[in-house]
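In what follows, a single structure is set out as structure tokens and then discussed.
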Amino acid sequence: MLAIDLSTALPEIFLALVALGLLMLGVFRASSSARLVLIGAVVCLAMTLVLVWTGSSARATAFSDLFVRDRFADFMKSLVLIGAALTTIMSLRYIEHEKMSRFEFPVLLLFATLGMMMMVSANNLLSLYLGIELQSLALYVVAAFRRDDLRSSEAGLKYFVLGALSSGMLLYGCSLIYGFAGTTSFDGLAAVLTGITESGAAVPTGLVIGLVFLCAGLAFKVSAVPFHMWTPDVYEGAPTAVTAFFATAPKVAAMALFVRVLMGPFGGLVAQWQQIIVFIALASMILGALAAVSQTNIKRLMAYSSIGHVGFALVGLAAGTIEGVRGVAVYLAIYIFMNVGTFACIMCMRQKDRMVERIEDLKGLSKTDPMMALAMAIFMFSMAGIPPLAGFFGKLFVFEAAINAGLYTLAIVGVLTSVIGAFYYLRIVKFMYFDEPEESFDRPIGREMSLILLGTGLVIVFFIILPSPILDAASAAANSLAGG
């Protein structure tokens, strides 16, 4: 039995052991270990991804059903690991430039990634909470990693205080659900709720209130409106390498957990939770589109952009169907590559050996660095949802699921907010291609940045020609959630 448990959770166990090993290496070779530990962290993430891909695709549970592995978990873990690995590679040159090259940085990213993988595989309210807290505690520290920088310290403190509030709401929701259902297991909750609906009895009010608090706690983690207030300040204040990490892997993990919780144990209560998801999806899309228009700092703009993208992903979840889950999976896969590429461009915004963050600093980039301007333009057009780039198809799948579920208002508002959002994405393209340069960025940007820009750009451009790897994997992930 123990052997089955260990083999089911092998990627997580491997990641945890290597993270501890790198921590020991850093402690005993503190003077010269930062770069070595960071490279080791990237190799570790790559090997963990291989373990995820080579494991059994059949559904399996471990540790008394606290942990589940299925196609859905494997798909989402792959996205988390790809996002974490690419942003860790991007941080290599940045942390050396910014004098924050300490071995603790990559180790904390590994522990955060471990927490995310546990979140994706949670099969119990307790393991759900443990995964969230393991991720959050590491992220609180990396947000404030530049202790001598006031903005970074402020970002970490804001994230910590509001994160503690969301954890309290989440735990309160879990306790109510346990009190009225008598179990914390996802399979047990599904059985209890199936029994209630089949008997024709009313769902206990306390259970619904618990579900509302649970959704509120999870909405904070994906930074959905009205629990988004930490996002712009944390994105702007945290070191750019940390912001790039925040914007990719944790978003995917929290969204995957949201989908698993609502479509798994609470799949029979779609009528109860659908209205909550519809509201936060509408609010996130509208606020994300309108608030970003007036931003002058590109990191704050990306914060509001991420709030809008979460709203679009929630449109697929609001449908409450397997088609909707597939739409969310495809959207998150495309979102990872768009965001990693965009933040690679942002991390190359360096003048006279210091980071610049104003959108106006991109003026005339097409004349001073045409390849970087082309990459940025591709990511901006894709985020705006302009065909034939990948971002268009991400929105297409979630809107299609919403329309087939009868959520016409949600789809219409989604299209309208996409049009508003296109304004601030295209404004960046206008600055790059139609304005005169004020000052060029430092060169060279580094081989690793060039490769990441090239790779993510190719994925976005050629998705229309070869969509099957992502679409097939997303379909298998959605179907495994239904079968599970």
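The values are calculated or read from the model by the stated rules, or taken from the named source; none is laboratory data. All values reported here derive from a predicted model rather than from experimental measurement. Positions of Cβ are generated from backbone atoms using ideal geometry, with glycine treated the same way; all protein chains shown enter the neighbour counts. Note: accessible area is taken over every heavy atom of the protein model, side chains too, but ligands, DNA and RNA are not part of it. Shrake-Rupley method; radii C 1.70, N 1.55, O 1.52, S 1.80 Å.
Miscellaneous remarks
- Scanning region 382-398 for residues that are β-branched (V, I, T), in contact with a Gly (Cβ under 6 Å, 6 or more places away or on another chain) and not in a helix (DSSP H, G or I) yields a total of 0.
- Pair list, Cβ under 7 Å, 6 or more apart: region 346-361 residue among the β-branched types (V, I, T), other residue surrounded by fewer than 16 Cβ atoms within 10 Å (Cβ to Cβ): I359/T296
- Verdict on F337 being part of a helix (DSSP H, G or I), modelled with pLDDT of 90 or more and under 19 Å from L426 (Cβ atoms): no
- Of all the residues in region 99-125, those that are open to solvent by 20 Å² or more (accessible area, probe 1.4 Å), touching a helix residue (DSSP H, G or I) at 6+ places or on another chain (Cβ under 8 Å) and not polar (S, T, N, Q) number 6.
- Checking each residue in region 82-125 for being in contact with a strand residue (DSSP E or B) (Cβ under 9 Å, 6 or more places away or on another chain) and either closer than 17 Å to V142 by Cα or not hydroxyl-bearing (S, T, Y) (or both) picks out Y94, H97, E98, M118, A122, N123, N124, L125.
- Looking across T183, T197, one residue alone is in contact (Cβ under 8 Å) with a residue 40 or more places away in the chain and more than 28 Å from the chain's Cα centre (by Cα). It is T197.
- Any hit, region 118-134, residues being within 15 Å of the chain's Cα centre (by Cα) and over 30 Å from N479 (Cβ atoms): no
- In region 57-92, the residues that are part of a strand (DSSP E or B) and β-branched (V, I, T): T61, V68
- Options M371, M376; residue that is of a type outside the set (V, I, T), buried (at least 16 other Cβ atoms within 10 Å of the Cβ) and closer than 26 Å to E96 by Cβ: M376
- Test result for S78, farther than 14 Å from L108 by Cα and open to solvent by 70 Å² or more (accessible area, probe 1.4 Å): no
- Criterion violated by Y408 - all others in (1) in contact (Cβ under 8 Å) with a residue 40 or more places away in the chain; (2) surrounded by fewer than 19 Cβ atoms within 10 Å (Cβ to Cβ) satisfied: (1)
- Residue match in region 146-153 (condition: closer than 22 Å to A34 by Cα, at pLDDT below 90, in a helix (DSSP H, G or I) and in contact with a Pro (Cβ under 7 Å, 6 or more places away or on another chain)): yes
- Within region 380-400, residues that are within 20 Å of A318 (Cβ to Cβ) have Cβ atoms under 7 Å from residues that are open to solvent by 20 Å² or more (accessible area, probe 1.4 Å) and among the charged types (D, E, K, R) in these pairs: F397/R326, counting only partners at least 6 apart in sequence or on another chain.
- Taking every residue in region 155-169 that is within 19 Å of R300 (Cα to Cα) and pairing it with any residue that is among the charged types (D, E, K, R), at least 6 positions away or on another chain, the pairs with Cβ-Cβ distances below 8 Å are A155/D233; A155/E236; K158/D233.
- Counting only residues that are among the small types (G, A, S), closer than 16 Å to V107 by Cα and within 18 Å of the chain's Cα centre (by Cα), region 135-165 holds 3 of them.
- Residue within region 242-255 that is modelled with pLDDT under 90 and not hydroxyl-bearing (S, T, Y) present: no
- Residue list for region 180-214, filter: open to solvent by 60 Å² or more (accessible area, probe 1.4 Å), part of a loop (DSSP other than H, G, I, E, B) and on the phi < 0 side of the Ramachandran plot: A202
- Number of residues in region 65-100 that are at positive phi and either within 19 Å of the chain's Cα centre (by Cα) or at pLDDT 95 or above (or both): the value is 0.
- Residue satisfying all of: in region 26-51; among the polar types (S, T, N, Q) and assigned to a loop (DSSP other than H, G, I, E, B); modelled with the highest pLDDT among these: S33
- Options L257, L301, L269, L290: the member that is among the aliphatic types (A, V, I, L, M), open to solvent by 30 Å² or more (accessible area, probe 1.4 Å) and in contact (Cβ under 8 Å) with a residue 60 or more places away in the chain: L290
- Only residues that are under 30 Å from M263 (Cα atoms), touching a residue at least 60 places away in the same chain (Cβ under 8 Å), open to solvent by 50 Å² or more (accessible area, probe 1.4 Å) and not in a helix (DSSP H, G or I) were counted across region 440-483, and they come to 1.
- Filter pass, R59 being touching a strand residue (DSSP E or B) at 6+ places or on another chain (Cβ under 6 Å) and either open to solvent by 10 Å² or more (accessible area, probe 1.4 Å) or under 19 Å from K251 (Cα atoms) (or both): no
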